[in-house]
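First comes the structure, then the notes that go with it.
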Amino acid sequence: MGLPITPAKPMNTSSPLNTSSPLNVGVIGCGAIIAQYLSNFRRLDSINLVAVADLDPARAQAVADSYDGVRALSVDELLAADDVELVLNLTIPAAHADIALRAIAAGKSVYGEKPLAATTTEAQQVLQAAAAAGVTVGCAPDTVLGTGIQTARKAIDDGLIGAPISATATMATPGHERWHPNPDFYYQPGGGPLLDMGPYYVSALVTLLGPVVSVVGAASHTRNQRTIGSGPRQGQVVPVDIDSHVTGVLVHASGALSTLFMSFDAVQTKSPNIEIHGETGSLIVPDPNHFDGDVQLFALGAEDWETLPVSAGYVDSGRGFGIADLAATPAGQEPRAGGQLAFHALDVMESVLESAKSGQAVAIKSTASRPPVVELTELVELAEIPTSVLT
């Protein structure tokens, strides 16, 4: 049995993830990322995994064999299953929209890995179909719900850096082909460093600083092919059909400016993943691809960086907490890791790439509200919870 969610300080019987009836989830796509979801599903009473499907039936069966009460189905069977309320879409980005639309047509809510879809056109179709069907759309990354980003968010909300002025967001790696056994999709349309890793950074920046109203971008690539460095295909060559180095400046509605540096070409960096500067202080924000990490503050007049105490977010969280958060979101309200934020992040990234091609600034047509802050919340063992909380 999984663990219920209860707030860390103080104990609160109305915990946001401590739902009375679990959400029945079916997963489509049983690749490498599913292991992280399965680990956390076992910890969350608000999620009940009932079925899995994959184009490779053996992979689906292997997952089902490892998880009690889960059956392996075909994709069509899972979409038709009456006991599946939400489809977790873990397919490749090019298939995100197709699977989401099929799930919505079957009357099911959807939660997808990032990005929401390969293009904003496809993503808009998903959101419109969900609205017409009366179902909910959620989307990774839910890393923004962890203690790292949320503690930084609270520091900004509490005025510890004064009015935010600017931010930098840096992701540098020489390429995923060095470790990924099937890296092809990273170098095809819908891939690339911005669309692959940018959702973590852009979602975090919007959570911290609010929506983006315009962007300027530039992009390049260093070579037309990559060589797989590990696994059964080691030594095979993968063509590069996208730009592998992207920079951009995001203008937030608040007036703050964020600079993106996303690269599959750079070897390494010592720059913080995210750094935010305000009128009276600067923050170092931990890796938005992780759920935790230290938040450091250098206040005006201080002599050194100060590590802030953890003050907000889901403690010891991981992939899947966004689905539990969605399940507890009141009807009619947008989930924190919801479709609107995911669409806005995709719109921003697509517009950066558009600007890189045209050489012109691009206005962002979409918007998204800063999601509500996540109060400091931790998993508590059943034995530690007073009987009055459970009844």
### Message
Can you tell me which of (1) among the polar types (S, T, N, Q); (2) part of a loop (DSSP other than H, G, I, E, B); (3) open to solvent by less than 30 Å² (accessible area, probe 1.4 Å) is the one residue 230 doesn't meet?
### Response
(3)
### Message
So, residue 338, is that one open to solvent by 30 Å² or more (accessible area, probe 1.4 Å) and small (Gly, Ala, Ser) or not?
### Response
no
### Query
Going by the structure shown, is residue 272 part of a loop (DSSP other than H, G, I, E, B), out of contact with any Asp or Glu (no Cβ under 6 Å at 6 or more places or on another chain) and open to solvent by less than 80 Å² (accessible area, probe 1.4 Å)?
yes
### Query
So which pairs qualify, if the first residue must be in the stretch 270-281 and at pLDDT 95 or above and among the hydrophobic types (A, V, I, L, M, F, W, C), the second must be assigned to a loop (DSSP other than H, G, I, E, B) and open to solvent by less than 50 Å² (accessible area, probe 1.4 Å), the Cβ gap must be under 7 Å, and the two must be at least 6 apart or on different chains?
274/288; 276/161
### Residue among 297, 346, 283, 260 that alone is in contact with a helix residue (DSSP H, G or I) (Cβ under 9 Å, 6 or more places away or on another chain), aliphatic (A, V, I, L, M) and surrounded by fewer than 20 Cβ atoms within 10 Å (Cβ to Cβ)
297
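With 325, 304 as the choices, which residue is surrounded by 19 or more Cβ atoms within 10 Å (Cβ to Cβ) and either modelled with pLDDT of 95 or more or of a type in the set (Gly, Ala, Ser) (or both)?
None of the other options fit; the residue is 325.
Here's the yes/no breakdown for (1) touching a Lys or Arg at 6+ places or on another chain (Cβ under 8 Å); (2) in contact (Cβ under 8 Å) with a residue 24 or more places away in the chain; (3) open to solvent by 20 Å² or more (accessible area, probe 1.4 Å):
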residue: 31; (1), (2), (3): yes, yes, yes
residue: 42; (1), (2), (3): no, yes, yes
residue: 55; (1), (2), (3): no, no, yes
residue: 97; (1), (2), (3): no, yes, no
residue: 104; (1), (2), (3): no, yes, no
residue: 107; (1), (2), (3): no, yes, yes
### Task
Could you list all residues from the stretch 70-88 that are acidic (Asp, Glu) and open to solvent by less than 60 Å² (accessible area, probe 1.4 Å)?
83
#### Entry: Only one of 215, 267, 206 that is part of a strand (DSSP E or B) and among the aliphatic types (A, V, I, L, M)
215
### Task
Kindly provide the set of residues from the stretch 102-115 that are touching a strand residue (DSSP E or B) at 6+ places or on another chain (Cβ under 9 Å) and either part of a helix (DSSP H, G or I) or under 20 Å from residue 325 (Cβ atoms) (or both), ordered by number.
102, 103, 104, 108, 109, 110, 111, 112, 113, 114, 115
### Summary
Exactly one of 153, 226 is touching a Leu at 6+ places or on another chain (Cβ under 9 Å) and modelled with pLDDT of 95 or more, and that one is 153
### Query
Of the residues 91, 136, which is of a type in the set (Val, Ile, Thr), closer than 22 Å to residue 372 by Cα and open to solvent by 20 Å² or more (accessible area, probe 1.4 Å)?
136
### Message
Being more than 21 Å from the chain's Cα centre (by Cα) and at positive phi is true for just one of 320, 332, 278. Which residue is that?
### Response
332
### Task
Filter the stretch 116-133 down to residues that are open to solvent by 10 Å² or more (accessible area, probe 1.4 Å) and part of a loop (DSSP other than H, G, I, E, B) and give me whichever is farthest from residue 24 (Cα to Cα).
119
### Query
Taking only pairs six or more apart or across chains, which ones have beta-carbon atoms under 8 Å, a first residue in the stretch 125-144 that is farther than 13 Å from residue 324 by Cα, and a second residue that is of a type in the set (Phe, Trp, Tyr) and surrounded by fewer than 24 Cβ atoms within 10 Å (Cβ to Cβ)?
127/343
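The values are calculated or read from the model by the stated rules, or taken from the named source; none is laboratory data. In this text, all values refer to a predicted model and were calculated from it rather than measured experimentally. For neighbour counting, all protein chains shown are included, and Cβ atoms are generated from backbone atoms with ideal geometry for every residue, glycine included. With ligands, DNA and RNA removed, areas are computed over all heavy atoms of the protein, side chains included. Shrake-Rupley method; radii C 1.70, N 1.55, O 1.52, S 1.80 Å.
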